[in-house]
Amino acid sequence: MQVAQLNISPQDRPDPALLRGLMAAPPDLLLLFGDAALLHDAAWLAALRETWPTASLAGCSTAGQIQGETVHSHGGVLTAVRFEHAQVQVVRVPLNGLEGSQEAGKALARALTAQADTSPRGVIVLAQGVNINGSCLIDGLQSGLPPQVVVAGGLAGDDGAFARTWVLSDEGPSAEHVVGIGLYGDQLCFGQAAYGGWKPFGMARRATRVEGSRLYELDGEPALELYRRYLGDHAKDLPASGLLFPFEVLDEQLQPTGLVRTILGIDADSGSLTLAGDLPHHSMLRLMYASTDALVDGAQTAAEHVHQALPAPAELALLVSCVGRKLVMGERVEEELEAVKGSLGAHAALMGFYSYGEIAPLGHDQASICSLNNQTMTILGLCERSAS
């Protein structure tokens with residue numbers, strides 16, 4: 001596997017010679033994570049197509065791009081990947097709002113399995129960060145894939161504005177589609193993990209009225225009103241400040257289930273909170289907060305498990321970390337990337353983005369069912385075995 005990366009500043013203009021110099025042979029996959037302006041820059045998109053006409057293109061808008069141990073807030077990061085033995089295809093399908101999320105997942109599975117001789121070994125999903133039910137999207141996708149297929153990815157961001165997010169494919173940028181990257185080949189090896197580092201506070205409350213990903217009542221009170229009381233001065237900055245205080249989902253014995261739900265939006269008229277994914281009816285919820293040290297420890301734990309799961313050192317790692325973690329850590333945000341790099345090793349090329357939701361099995365069990373996570377550092381490590 002060969003990997004090359006380029007940080008694109010907002011003022012940079014495409015240079016075909018620079019692009020060609022990134023990699024001696026044409027890449028199979030181009031991943032572009034960046035702000036909406038770059039994803040809509042016709043000159044850059046044309047340059048990528050002209051330089052590498054056979055490469056598949058995918059990406060999304062973000063709340064920050066990851067390149068190695070560095071976080072970039074503007075422009076974008078281009079990662080070019082050439083596989084030795086694997087094949088790639090990028091597909092996109094329509095997303096008809098919250099209600100169409102599950103069908104979009106099913107359509108994505110059909111597209112990824114119908115256009116190739118074999119099912120993919122892994123799928124990277126890039127989807128909108130607003131007006132989507134991530135849990136239903138993943139359920140629909142997994143219902144159409146063999147159980148052994150590795151699924152990872154994340155929900156796009158728009159730098160914390162929660163207004164409009166974008167995904168990118170060969171057809172260009174879109175706010176009404178979901179993109180899937182299918183990875184095919186027996187030599188491909190994956191390791192994945194997702195860990196948080198958040199701590200609970202306050203008393204547990206029961207979700208007494210829930211409709212999908214919308215939470216209307218906690219203990220019979222309007223959810224938004226109760227949440228605002230907990231947040232105090234932070235309430236004036238909703239919904240953005242909701243990233244700092246997610247909900248932990250508990251079981252009936254008030255023990256953590258591992259599931260965390262971030263607030264993506266509020267509706268003052270109905271007094272409801274829109275969460276990043278579904279909640280089971282009558283769930284027990286408790287608020288959470290975090291410290292930088294705890295979040296860095298969570299990222300390092302995820303990286304250690306990915307390293308242990310792979311048969312050889314990771315050559316490429318996709319990191320999808322929640323924008324809430326970035327807000328908590330502030331200027332120390334790159335410490336979680338340094339911790340990941342230290343565990344995965346110098347040979348691993350790190351790429352990724354800060355998101356509105358992370359797609360991976362929670363924890364480190366490679367056989368676990370994928371889910372939509374919030375407030376985690378999610379890592380997908382890849383390497384290729386030599387052909388026998």
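The values are calculated or read from the model by the stated rules, or taken from the named source; none is laboratory data. In this text, all values refer to a predicted model and were calculated from it rather than measured experimentally. Neighbour counts run over all protein chains shown; Cβ positions are idealised from the backbone, glycine included. Areas reflect the complete protein model, heavy atoms only, side chains present, ligands, DNA and RNA absent. Shrake-Rupley method; radii C 1.70, N 1.55, O 1.52, S 1.80 Å.
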Looking only at 281, 72, 364, which one moves most when the chain is put into a Gaussian network model with springs between Cα atoms under 10 Å? 281
Ranked from the most accessible area to the least, with a 1.4 Å probe and all protein chains present, what is the order of 61, 119? 119, 61
Search the structure for amide H atoms under 5 Å from the amide H of residue 289, placed 1.01 Å from N in the peptide plane, and list their residues when 5 or more places away or on another chain. 199, 201
What net charge do the residues around residue 13 carry, taking every other residue with its C-beta under 15 Å from that of residue 13, with Lys and Arg at +1 and Asp and Glu at -1? -4
Report the residue, chosen from 213, 143, 135, that carries the largest GNM mean-square fluctuation when the chain is represented by alpha-carbon nodes joined by springs under 10 Å. 143
per DSSP, antiparallel bridges as share of beta bridges in segment 236-361, % nearest 5, sits at 60
Segment 31-103: percent of C-alpha pairs farther apart than 19 Å? 49
Hey, any idea what the orientation-averaged projected area of the convex hull of segment 141-208's Cα atoms comes to, in nm²? 9.1
Evaluate the Kirkwood expression for the hydrodynamic radius of segment 88-143, namely the inverse of the mean inverse distance over all pairs of different C-alpha atoms, and round to one decimal in Å. 11.4
Two-decimal Rg/Rh across segment 309-369, once Rg and the Kirkwood Rh are taken from alpha-carbon atoms: 0.98
How much of the calculated P(r) for segment 220-370 lies past 24 Å, in percent of all Cα pairs? 40
Mind ranking 144-150, 223-229 by how tightly packed they are, going by the mean number of other C-beta atoms within 10 angstrom, highest first? 223-229, 144-150
Quick one: which of 349-362, 171-184 comes out on top by average Cβ neighbours within 10 Å, and what's the full order, highest first? 349-362, 171-184
Between residue 257 and residue 15, what is 0.36 nm times their sequence separation minus the Cα-Cα distance? Round to one decimal in nm. 82.2 nm
Explain nothing, just compute: Karplus ³J(HN,Hα) = 6.51 cos²θ - 1.76 cosθ + 1.60, θ = phi - 60°, for every residue of segment 152-168 in order, whole Hz, x for Gly and Pro. 8, x, x, 9, 5, x, 9, 6, x, 7, 6, 10, 8, 10, 9, 10, 10
Among 371-377, 89-95, the order from most to least packed when residues are scored by Cβ within 10 Å on average: 371-377, 89-95
Give the lysines reachable from residue 236 as a straight Cα distance under 22 Å; neighbours fewer than 8 places away on the same chain don't count. 326
Using a 1.4 angstrom probe, figure out how much accessible area the chain has per residue, in square angstrom, rounded to the nearest whole. 38
In the neighbourhood of residue 56 defined by beta carbon distances under 14 Å, the net charge of the other residues (Lys, Arg +1; Asp, Glu -1) is 0
Could you sort 326, 106 by their accessible area in this structure, using a 1.4 Å probe and putting the largest first? 106, 326
All other residues with a Cβ under 13 Å from the Cβ of residue 38 taken together, and with Lys, Arg as +1 and Asp, Glu as -1, what is their net charge? -4
First obtain the Kirkwood hydrodynamic radius of the chain from its Cα pairs, then insert it into the Stokes-Einstein equation at 37 °C and 0.692 mPa s, and state the resulting D in µm² per second as a whole number. 158
Ignoring any ligand, DNA or RNA, what whole percent of the accessible area of the chain comes from carbon and sulfur when the probe is 1.4 angstrom? 49
